[in-house]
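The values are calculated or read from the model by the stated rules, or taken from the named source; none is laboratory data. The model shown is predicted, which means the values in this text are computed figures rather than measured ones. Quick reminder, even Gly has a Cβ in these numbers, built from the backbone with ideal geometry, and neighbours come from all protein chains shown. For accessibility, only protein heavy atoms count, side chains too; no ligands or nucleic acids. Shrake-Rupley method; radii C 1.70, N 1.55, O 1.52, S 1.80 Å.
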Amino acid sequence: MNGGTRQGIDLTRVLHAPQRRVFAAWTSPEDFAAWYGGEAEVPLDRVAMDVRPGGAWSLVIVLPGVEMPFHGVYREVSEPDGLVLTLKDGSAPGDLEDTEGEIVTVTFTDLGDGTTELAFQQRGGNLTPAQYAAAEDGWEAFFDALAARLATHP
């Protein structure tokens, strides 16, 4: 891939959980706090989710000595098929404060046998190629944590 032209992230995972359970993992504060952030702590009292078109979401990832806030707005909510939401983090440049930030689209496809395909796309062009690469690594870790959460909390 030409690192200078990267405009987003595309990931696909097969999760060993029913479609409705995967949707709930993205829309329940308890579930979302458990996997978003990977190994980092996301205190439940720092998570807010108004899961409806136009509703806001926010959370704070807490690492030793630093807090990383994330927030956005739900654009589309199609239970159990997927979500479209905006995503901004606390490090977004000031000139991005007036924009929606990145657009995240997740689609959950029932594959049968209690498995679901998660198709993830992040777009927006607000990050450098190196930042997209780092964000992709972050999402991979988050999805590892999501798979673990679904295995331990079916």
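Taking the highest mean first, how do the peptides 66-72, 140-146 order by number of other beta carbon atoms within 10 angstrom per residue?
Going from most to least packed, we get 140-146, 66-72.
Heavy atoms only, probe 1.4 Å: what % of the accessible area of the chain goes to carbon and sulfur, would you let me know? Walk me through the numbers on the way to the answer.
Numbers: 4060 of 7800 Å².
C and S atoms contribute 52 percent here.
Give the relative contact order (percent, whole number) for the chain; include only Cα pairs under 8 Å separated by 6+ residues. Walk me through the numbers before you get to the answer.
Details: 308 pairs, mean separation 48.6, N = 154.
Computed over the chain, the figure is 32 percent.
Hey, can you find the accessible area per residue of the chain for me, probe 1.4 Å, expressed in square angstrom? Before the final figure, lay out the partial values.
Details: 7800 Å² over 154 residues.
Normalised by residue count, the accessible surface of the chain is 51 Å².
With each run of n ≥ 4 DSSP H residues scored as -39500 (n - 2.57), what mean residue ellipticity at 222 nm is computed for the chain after dividing by its residue count and rounding to the nearest 500 deg cm²/dmol?
Working: 3 runs with 40 residues, N = 154.
Mean residue ellipticity at 222 nm (helix-derived): -8500 deg cm²/dmol.
Going highest first, how would you order 42-53, 22-33 by mean Cβ packing within 10 Å? Walk me through the numbers on the way to the answer.
Details: 42-53: 13.7, 22-33: 19.9.
Order by mean packing, descending: 22-33, 42-53.
Which percent of Cα pairs goes in each bin when the distances of the chain are cut into 5 angstrom slices starting at zero?
2, 9, 17, 23, 23, 16, 7, 3, 0, 0
Would you list Glu39, Glu79, Glu117 from the most to the least accessible area, probe 1.4 Å? Before the final figure, lay out the partial values.
Numbers: Glu39 185, Glu79 125, Glu117 60 Å².
Listed by decreasing accessible area, they come as Glu39, Glu79, Glu117.
Could you check which residue among Gly38, Gly54, Gly112 shows the biggest mean-square fluctuation in a GNM of the chain with a 10 Å Cα cutoff?
So, out of Gly38, Gly54, Gly112, the one fluctuating most is Gly112.
Output ³J(HN,Hα) for region 105-117: one whole-Hz value per residue in order, computed from phi by the Karplus curve 6.51 cos²θ - 1.76 cosθ + 1.60 with θ = phi - 60°, and x for Gly and Pro.
Here the 3J(HN,Hα) series is 10, 10, 10, 10, 10, 6, 9, x, 6, x, 10, 9, 8 Hz.
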